[in-house]
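The values are calculated or read from the model by the stated rules, or taken from the named source; none is laboratory data. If you're wondering where the values come from, they're calculated on a predicted model, not measured in any experiment. Using ideal geometry, Cβ is built from the backbone for each residue, glycine included, and neighbour counts are taken over all protein chains shown. The accessibility values were calculated without ligands, DNA or RNA, using every heavy atom of the protein model including side chains. Shrake-Rupley method; radii C 1.70, N 1.55, O 1.52, S 1.80 Å.
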Protein chains: 4
Amino acid sequence: MTAPQPLPTREEIVEYVRANRNWGRWGEDDELGALNLITDAKRVAATRLVRTGRSLSLARPYPRHPAPNNPTPAVMYMERFDRAPDAGGSKDYQAINYHGCTATHIDALCHTWDVDGMWNGRDPDQEITIDSARWGSIDRWKDGILTRGVLLDIPRFRGGRYVTQDTPVHGWELEAVARSQGVTIEPGDAIAVYCGREASDREGPLWTADPNNRPGLDATCLKFFREADCSTVLWDMWDIRPTPYNLPFPVHAVIFAFGVAVVDAALLEPLAAVCQGEGRYDFMLTVNPINVVGGTGCLVNPVATF
Amino acid sequence: MTAPQPLPTREEIVEYVRANRNWGRWGEDDELGALNLITDAKRVAATRLVRTGRSLSLARPYPRHPAPNNPTPAVMYMERFDRAPDAGGSKDYQAINYHGCTATHIDALCHTWDVDGMWNGRDPDQEITIDSARWGSIDRWKDGILTRGVLLDIPRFRGGRYVTQDTPVHGWELEAVARSQGVTIEPGDAIAVYCGREASDREGPLWTADPNNRPGLDATCLKFFREADCSTVLWDMWDIRPTPYNLPFPVHAVIFAFGVAVVDAALLEPLAAVCQGEGRYDFMLTVNPINVVGGTGCLVNPVATF
Amino acid sequence: MTAPQPLPTREEIVEYVRANRNWGRWGEDDELGALNLITDAKRVAATRLVRTGRSLSLARPYPRHPAPNNPTPAVMYMERFDRAPDAGGSKDYQAINYHGCTATHIDALCHTWDVDGMWNGRDPDQEITIDSARWGSIDRWKDGILTRGVLLDIPRFRGGRYVTQDTPVHGWELEAVARSQGVTIEPGDAIAVYCGREASDREGPLWTADPNNRPGLDATCLKFFREADCSTVLWDMWDIRPTPYNLPFPVHAVIFAFGVAVVDAALLEPLAAVCQGEGRYDFMLTVNPINVVGGTGCLVNPVATF
Amino acid sequence: MTAPQPLPTREEIVEYVRANRNWGRWGEDDELGALNLITDAKRVAATRLVRTGRSLSLARPYPRHPAPNNPTPAVMYMERFDRAPDAGGSKDYQAINYHGCTATHIDALCHTWDVDGMWNGRDPDQEITIDSARWGSIDRWKDGILTRGVLLDIPRFRGGRYVTQDTPVHGWELEAVARSQGVTIEPGDAIAVYCGREASDREGPLWTADPNNRPGLDATCLKFFREADCSTVLWDMWDIRPTPYNLPFPVHAVIFAFGVAVVDAALLEPLAAVCQGEGRYDFMLTVNPINVVGGTGCLVNPVATF
């Protein structure tokens, strides 16, 4: 753990975000957001991080089963068809309201907003219709995210198994974790913050079983993510609840304020093990969002390759 | 076009497939199939194909709208939630029976079988249950497909715009296309066969609007894919109908016979344009299937990077 | 067929509807609409129509299968659960976008509107939200429709099998049919207009396979339904297309103008046969809408009892 | 409360059911089950119970919202369409896995079975397929249930507000309730057993929030329902858990053993109030199941008319 530091006030956070948001940075009509930081050169460089060729998924299983933190389970149903002579096949139907705590998914830029508006200052009353999102929808990112990924392993840094309710992750701790891991974060990177959710879930209660009380990241992480100038954040736990700030989206504000792509409910425990095994905390990351025109996000399977 | 060659008989095809299928090649319990050909070294090599860093999606738009070749359209519905003070967000619900002609998706090894059984000889009556697929389901491929992709551009080779009903693609033509493009296919590659579907759809009728009459690939392509020892096939058009062979799965037999990962309804027109622009027909390909435990496939967004 | 009469102009129809709509008739806040005409006494009287006790369904089968007039098929998927010792059960999942031509369903008062507004003059921009309908939703009718039903059998009157594109049903014909059947329509009745759809579908093409050309009812039926002061309309075919009037909802205007409950895609061929067999054209009708709070309608199974 | 009586053993219950089940009673191929008891004459008589004409719904609201006893909430999503000039409409999409504790629904005869088989002795391995139920599916009842309904009001009989975990409802109590209410149950009746669920839910916890501990009916009610020779059972609470008998379906056995139509999660509190107000415990009941071919049940809205 890092030494305690005084927390900012709500007003200081709001002021910081207003002063530092990326609106207009890539033009008023930009819907790529921080993915603009992933230049062609950045992609080439990301591929050169691959040395052993080992790949692994950062996706939790498609959540079909009801659970205290899975109030609207995903649906999967089977079909079978016959095709003579003596042949056939199987099909299935999948349905999901994927935003939430159980399915690994990506949030498009239209997913959240605050009093000042959506990404780049757009008005949700104009852009979010009964039919679809007309601004910052997931299809804008259909060419995929291919960049350098960096894991920040909180439990290892702390010497524990997982983040608990009384020990939120602050922005300065993320800095310290990076330093202790000897990894330098670069613009356009995807930062994966591992909080030990799977271990926490095994010991129970399930993360966000109580939506009003759950461990996670403090709003001071906002400043860290902004200064890191990252393109993407992946996490297993996210905004702690409750917070002392009374902000609608303490850390999820990275979406509308900084244009950052957020992958919620990533599976990071196996990644942490591989990072330790490989002796490095950076890797090539690919996230290929489904081309859902007007969608607010989608299921994804982020893959790390070493 | 290549010079006409005599077609094999149904029996010759069946015999070829039986004699050359990959069952047991990677062990009786193997569920990776031809993805075994993508070794760590193959992945490393694939990343080294990236030179300019240009990425593009090979996914067609999520098919919400009814169409003659989209009899069971995908569903996407919006939600909006409020979070005081003056903040909020949007969510959506997605549902799809994705196998078919309109959505870009991947077929798991359990998707098809013939009289001899599923991949590796398993019995569909045992493995396909009302709940899920217990063998060859898509979650087995959750660590993703990262390999060398090769585009075979049929319209360019033929000097036309798209493959028509009376000019099916034969295996020997695929060989000739590769030669003419100066590209050598290697084990574990992903082969993308571009037939000009988008151009065909623009001139109409939509591909597979009539499920019994549609242009595509002849069963002689089976031998080509087997000899190429590819891991993956992507295509915009696939098995021609009708065929002279009375086979249940003329070309889709690559799934159960060879263990090949098949990406149906890929969007290849933009890829063909980029290949011409970049002056090369190979690239790094990533396909990251969703971790649907027991699923028969899933929506995917294949991404090519040059 | 009745003798041809001159058609009204668009303006005459619009003027008629404006002058005769039921807005305010049962109070400004009324959401029951013409179901107010089904008084307790009307219900008692309806039950007294039951003499032989014969019941039959007026519902078409749940439309799971794609068809030219079923662009968004209903979904039904099976589950099975085990419960030791040696016992178990089956469940299923049903999903449907039921408005359209194939599923027998009821339209709530919020289903349609024109330039003057929804039922009772409400503004759809206020009442239809991304979450639900807040005015005229189907739950307002949860206590059910129990009233006298009257069948008007067009094919029998005409001596044909079904209504065709060039012989629309006019309001004066409905009057003539009732007279010829010896049936007097009373306020609050449910009028079932049988056009012979099943016979038409058997000879093809399916009704509304071409959404722009289909046989059905002319807008002159509006006046008939208003003068009949019916509570409910059931039909197998409805608004003919094209019409000479350029009205957004030629006959479906009964919903927002008169507050009439409309049951679309009713199965009336068996009812016509029973009416002939029983020698009468009135019966007790029950329609019990599902209590979908905020819904725009629902699947129903109207049942006629003689 | 009635005086305690000794409980039967598991073997006695099994033996009673085996000796008294209705298999073969209406023929080996019968799929109507106890609805055979609703003859034409029974229907006529049911209509004559209507005296004041008052109707009310016995359906709980469509359960869209997650809750401890609603692990798979129903889905409803809105659409809006425009139709010039200045007109339009609203539609919605509904999806539900309706079996369970929250949605008012009917169980088809295929819904449950025990070691001896399904209704009429059929084998579930033959009749329940991945596609649908081929025996005892809900479409067999599409002509509806129109019969005499009888309410048995347990809280009123007991002088309490609702049935609790430690006071299960036994068969002999149902007899006593009927006697105390002065109502005679007749063959083919629909019996509505009111346990006070809504009051119990208001005081919490929600009924079946814990699936292993919930108040309800004891298996001795089986004998009562069989001797009553009822066609239909409606209830707000059903099989108590745990039971002393280790039976897979203590009271839900009425489905496969006696062929009884069961309406789960009926809303009976308003009915109890109306029965008291009207001073009678019988009424006309209509239940009109949706014509879902091969379905295991469906949502219903039972309507009582006095």
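Sub-7 Å Cβ pairs linking a first residue in segment A:115-130 that is within 9 Å of chain B (Cβ to nearest Cβ) to a second residue that is acidic (Asp, Glu) and not in a helix (DSSP H, G or I), at least 6 apart or interchain, are A:115/B:86; A:130/D:79, ordered by first then second residue. Being small (Gly, Ala, Ser), touching a Pro at 6+ places or on another chain (Cβ under 7 Å), within 28 Å of residue D:152 (Cα to Cα) and touching a residue at least 12 places away in the same chain (Cβ under 8 Å) is a property that residue D:45 lacks. A residue that is under 30 Å from residue B:290 (Cα atoms) and either modelled with pLDDT of 95 or more or within 14 Å of chain A (Cβ to nearest Cβ) (or both) can be found somewhere in segment B:153-176. Here residue D:20 meets each of (1) more than 29 Å from residue C:77 (Cα to Cα); (2) within 10 Å of chain C (Cβ to nearest Cβ) with one exception, condition (2).
Picking from residues in segment C:43-66 that are more than 7 Å from every other protein chain (Cβ to nearest Cβ) and part of a helix (DSSP H, G or I), the one that is surrounded by the most Cβ atoms within 10 Å (Cβ to Cβ) is C:46. All conditions but one from (1) over 23 Å from residue A:136 (Cβ atoms); (2) away from chain B (no Cβ under 14 Å); (3) in contact with a helix residue (DSSP H, G or I) (Cβ under 7 Å, 6 or more places away or on another chain) apply to residue A:34; the one that does not is (1).
Residue-level check: of (1) open to solvent by less than 10 Å² (accessible area, probe 1.4 Å); (2) over 20 Å from the mean Cα position of the chain (by Cα); (3) touching a residue at least 60 places away in the same chain (Cβ under 8 Å), residue A:95 misses just (3).
Filtered by the rule that a residue be within 13 Å of the chain's Cα centre (by Cα), farther than 17 Å from residue A:144 by Cα and away from chain B (no Cβ under 12 Å), segment A:249-306 gives A:251, A:254, A:268.
Using the structure shown, decide if residue D:77 is crowded, with 21+ Cβ neighbours inside 10 Å and either more than 8 Å from chain C (Cβ to nearest Cβ) or assigned to a helix (DSSP H, G or I) (or both). Even if it seems obvious, please write down each step before you answer.
On the way: crowded, with 21+ Cβ neighbours inside 10 Å: yes; either more than 8 Å from chain C (Cβ to nearest Cβ) or assigned to a helix (DSSP H, G or I) (or both): yes.
Yes: the conditions hold for residue D:77.
Filtered by the rule that a residue be at the interface with another protein chain (Cβ under 7 Å from one of its Cβ atoms), touching a Gly at 6+ places or on another chain (Cβ under 6 Å) and among the hydrophobic types (A, V, I, L, M, F, W, C), segment A:80-112 gives a lone residue, A:110. For residue B:40, the conditions (1) closer than 15 Å to residue B:256 by Cβ; (2) free of Cβ contacts under 8 Å to residues at least 40 places away in the same chain all hold with the exception of (1).
Scanning segment B:57-92 for residues that are under 28 Å from residue A:121 (Cβ atoms) and within 23 Å of the chain's Cα centre (by Cα) returns B:57, B:61, B:62. For segment D:102-114, the criterion of being open to solvent by 10 Å² or more (accessible area, probe 1.4 Å), more than 30 Å from residue D:206 (Cα to Cα), in contact (Cβ under 8 Å) with a residue 12 or more places away in the chain and touching a strand residue (DSSP E or B) at 6+ places or on another chain (Cβ under 9 Å) is met by none of the residues.
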